[in-house]
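To keep things clear, I will list the structure first and then write my remarks on it.
The values are calculated or read from the model by the stated rules, or taken from the named source; none is laboratory data. For clarity, every value in this text was computed on a predicted model and none was experimentally measured. No Cβ is skipped: glycine too gets one built from the backbone with ideal geometry, and neighbour counts run over all protein chains shown.
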Amino acid sequence: MEVIPQLVVSTILLGGLYALIAVGLTLIFGVMRVVNFAHGEFLMFAMYAAFWAFTLLHFDPYLTLFVSLPLFFAVGWVSYRVVMRPVIHASHNAQVFTTVGLSILLQNLALVLFTADAQFLRTDYYTKVLRLGGAVFNLAQTVAFVIAVLATVALFAFLRWSYTGKTMRATAQDAQVASLMGIDTGRVYALTWAVGIVCVGAAGVLLAPIYPVYPTAGLQFVLIAYIAVVLGGLGNMAGALIAAVIIAAVEVIASYTIGTAWKEVLYLVLFIFVLVVRPAGLFGQRGAESLGT
């Protein structure tokens, strides 16, 4: 029983980070109906941005968020205009090949620029440990969790109460009708893509002090995000948030009971089981295409 508080705390800390990655991915799909297979590569470049800012300029990785968030918004906006806008109304096959191609391009660009060697960002507080009851947790993980939760809450608030957020939700519900109502859906798509990239960019900066940085680092995290998006119900942001916590719980419990080598197997088994029992996901509705906020 003494280990339960530790498992609970570990699940919450990990789930908060997974949720930030997943909501950015599900936001893009919910509004644009595009699966971004390059999501992990944007996360990887954000990790490198935090690493080099710390290594070369001695900037605290969490303080680099003030620079990296506008930077990744600009990267998202430009990448949409250059890469995604020409295929936004094309077939799903064309969109898939485009995002997969972008993923391969970014991975190989990182290999050329940074080599395949893993890099480690170690701050002064990396080794600091906090205790709460019977649980022990790392200060860096705690700070990353708090920032991730605040960013996720801010995104939900933006989508629900801001005018721009309402136009994004309207476009998600029916892009054609939204266009007839005077909404510039092209601008909404660009903004949605950019906000999604900002979310994953923030997650990458938060993960950099905790995990090693290398050109394929984003793959392990984006796989979890894909599973969370489908488990929660495609386009359902609240569902993706809950699914991210479920996946974190499965990973933490599996790592403790049977070893880390089996954690991916278990949440993939869970993923297949849910799709067999409920193909729309845990919180999705058959026939409904709505942004679940």
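Taking the criterion of being closer than 21 Å to G24 by Cα and β-branched (V, I, T), the residues of segment 166-194 that qualify are T167, T171, T185, V188, T192. Of all the numbered requirements in (1) surrounded by fewer than 16 Cβ atoms within 10 Å (Cβ to Cβ); (2) in contact with a strand residue (DSSP E or B) (Cβ under 7 Å, 6 or more places away or on another chain), Y48 misses one, and that requirement is (1). Within segment 145-175, the residues that satisfy the criterion of being over 23 Å from A19 (Cα atoms) and modelled with pLDDT under 90 are D174, A175. Going by the conditions given, is A118 touching a strand residue (DSSP E or B) at 6+ places or on another chain (Cβ under 9 Å) and in contact (Cβ under 8 Å) with a residue 40 or more places away in the chain? The answer is yes for A118. If you go through segment 9-53 and keep only what is of a type in the set (S, T, N, Q) and not in a helix (DSSP H, G or I), you end up with just N36. Taking only segment 212-243 into account, find how many residues are modelled with pLDDT of 90 or more and under 19 Å from V149 (Cα atoms). Summing the residues that are modelled with pLDDT of 90 or more and under 19 Å from V149 (Cα atoms) in segment 212-243 gives 0. In segment 244-272, the residues that are at positive phi never reach a residue that is buried (at least 20 other Cβ atoms within 10 Å of the Cβ) and among the basic types (K, R) with C-beta atoms less than 8 angstrom apart, at least six apart or across chains. Give the residue, chosen from I12, I28, that is at pLDDT 90 or above, among the aliphatic types (A, V, I, L, M) and under 19 Å from A228 (Cα atoms). One residue alone meets the criteria, I28. A residue that is of a type in the set (D, E, K, R) and either crowded, with 19+ Cβ neighbours inside 10 Å or closer than 29 Å to N236 by Cβ (or both) occurs nowhere in segment 118-126.
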